[in-house]
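Chemist: Handing you this structure, nothing more for now.
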Amino acid sequence: MTVTHLLKNGDHIVSVNDVYGGTNRYFQKVAVNNGITVSFADASASPANVEKCIKPNTKMVWVETPTNPTLMMVDIKAVSEIVKKFPGILLVVDNTFQTPYFQRPLDLGADIVLHSLSKYMNGHSDVIMGATITTNKELSEKLTFYQNAVGAVPSPFDCYLVNRGLKTLHLRMKEHMVNGLAVAHYLEKNPRVEKVLHPGLKSHPQYELGQRQCRGFSGMIAFYIKGGLEEAKTFLSALKVIMIYHDY
């Protein structure tokens, strides 16, 4: 929300089409009420699809990679090169799935990097907090002002908890990758699974991009069960450790 306060009535956002449900909901149900329009582009299929959606009033390009929930990869550097052809457009990258340990969007041309600190960065499921990171002093000052003005200011104790989690981030992310790949390889061999999506699998359609852009991958996995809705319901109702929820 703080990031979109950089925009004004009449501005336009180009977002990846496979975007976190909360972000999609905010764009389509809240931002539009402030006069901001949004177009969705399949940036994972081709960065050129982003350029096709850019309009004279486009002021922001919003990227997630890997995407949520299908774990498609977006070439941040390629999108950045496109965005830089249009002065005045900001490239925002949601790096929640990867964390800075596995992916550094600022090094690839992003203007602002967004994190839901509640997830991997904090790592203990006891904080609701987000963060924006930029190397641009002017942007940093604007974001700080809007954060204070809008009220998205975390408590000192929540900051302490996140700082605690960051101290073990490198250890946790290494193990998330090991465990995530182990589960992904197991699912690939399961006859009841149609398809597994994990950027670390050679079967992933953008495996090469993942190897070039990232140092590793988190524990996030997407997979398709053979059958239909009833088979999916049967699987979900049989889970004993994993909770059914729309977030992670």
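Chemist: Kindly evaluate SER140 against the criterion of being part of a helix (DSSP H, G or I), surrounded by fewer than 16 Cβ atoms within 10 Å (Cβ to Cβ) and not acidic (Asp, Glu).
Modeler: It is true that SER140 is part of a helix (DSSP H, G or I), surrounded by fewer than 16 Cβ atoms within 10 Å (Cβ to Cβ) and not acidic (Asp, Glu).
Chemist: I'd like to know if region 60-76 contains one or more residues that are assigned to a helix (DSSP H, G or I) and out of contact with any helix residue (DSSP H, G or I) (no Cβ under 9 Å at 6 or more places or on another chain).
Modeler: We begin by selecting, within region 60-76, every residue assigned to a helix (DSSP H, G or I); these are 76.
Right, trim to out of contact with any helix residue (DSSP H, G or I) (no Cβ under 9 Å at 6 or more places or on another chain) and you get none.
Checked against the condition, which is being assigned to a helix (DSSP H, G or I) and out of contact with any helix residue (DSSP H, G or I) (no Cβ under 9 Å at 6 or more places or on another chain), region 60-76 yields no hits at all.
Chemist: Any idea which of ALA184, ALA232 is surrounded by fewer than 18 Cβ atoms within 10 Å (Cβ to Cβ), assigned to a helix (DSSP H, G or I) and free of Cβ contacts under 8 Å to residues at least 40 places away in the same chain?
Modeler: Testing whether each residue is surrounded by fewer than 18 Cβ atoms within 10 Å (Cβ to Cβ), assigned to a helix (DSSP H, G or I) and free of Cβ contacts under 8 Å to residues at least 40 places away in the same chain leaves just ALA232.
Chemist: Oh, and also: Pairs, please: C-beta under 7 Å, at least 6 apart or cross-chain, first residue within 15 Å of VAL93 (Cα to Cα) and without any contact (Cβ under 8 Å) to a residue 40 or more places away in the chain and in region 10-34, second open to solvent by 40 Å² or more (accessible area, probe 1.4 Å) and not hydroxyl-bearing (Ser, Thr, Tyr)?
Modeler: From residues that are within 15 Å of VAL93 (Cα to Cα) and without any contact (Cβ under 8 Å) to a residue 40 or more places away in the chain, the pairs are ASN17/PHE40; ASN17/ASP42.
Chemist: In the list ARG164, ARG215, ARG172, which residue meets the criterion of being open to solvent by 20 Å² or more (accessible area, probe 1.4 Å), in a loop (DSSP other than H, G, I, E, B), of a type in the set (D, E, K, R) and touching a residue at least 40 places away in the same chain (Cβ under 8 Å)?
Modeler: Numbers: ARG164 fails: in a loop (DSSP other than H, G, I, E, B); ARG172 fails: in a loop (DSSP other than H, G, I, E, B).
Exactly one residue qualifies, and that residue is ARG215.
Chemist: Another question about this same structure. When region 46-59 is examined, which residues are found to be surrounded by fewer than 16 Cβ atoms within 10 Å (Cβ to Cβ), in contact (Cβ under 8 Å) with a residue 12 or more places away in the chain and either outside any helix (DSSP H, G or I) or on the phi > 0 side of the Ramachandran plot (or both)?
Modeler: LYS55, ASN57
The values are calculated or read from the model by the stated rules, or taken from the named source; none is laboratory data. Given the structure is predicted, the values throughout are model-derived calculations rather than measurements. As a convention, Cβ positions derive from the backbone with ideal geometry for all residues, glycine included, and neighbour counts pool all protein chains shown. Each accessible area value is taken on the protein alone, full model and side chains, heavy atoms only, with ligands, DNA and RNA left out. Shrake-Rupley method; radii C 1.70, N 1.55, O 1.52, S 1.80 Å.
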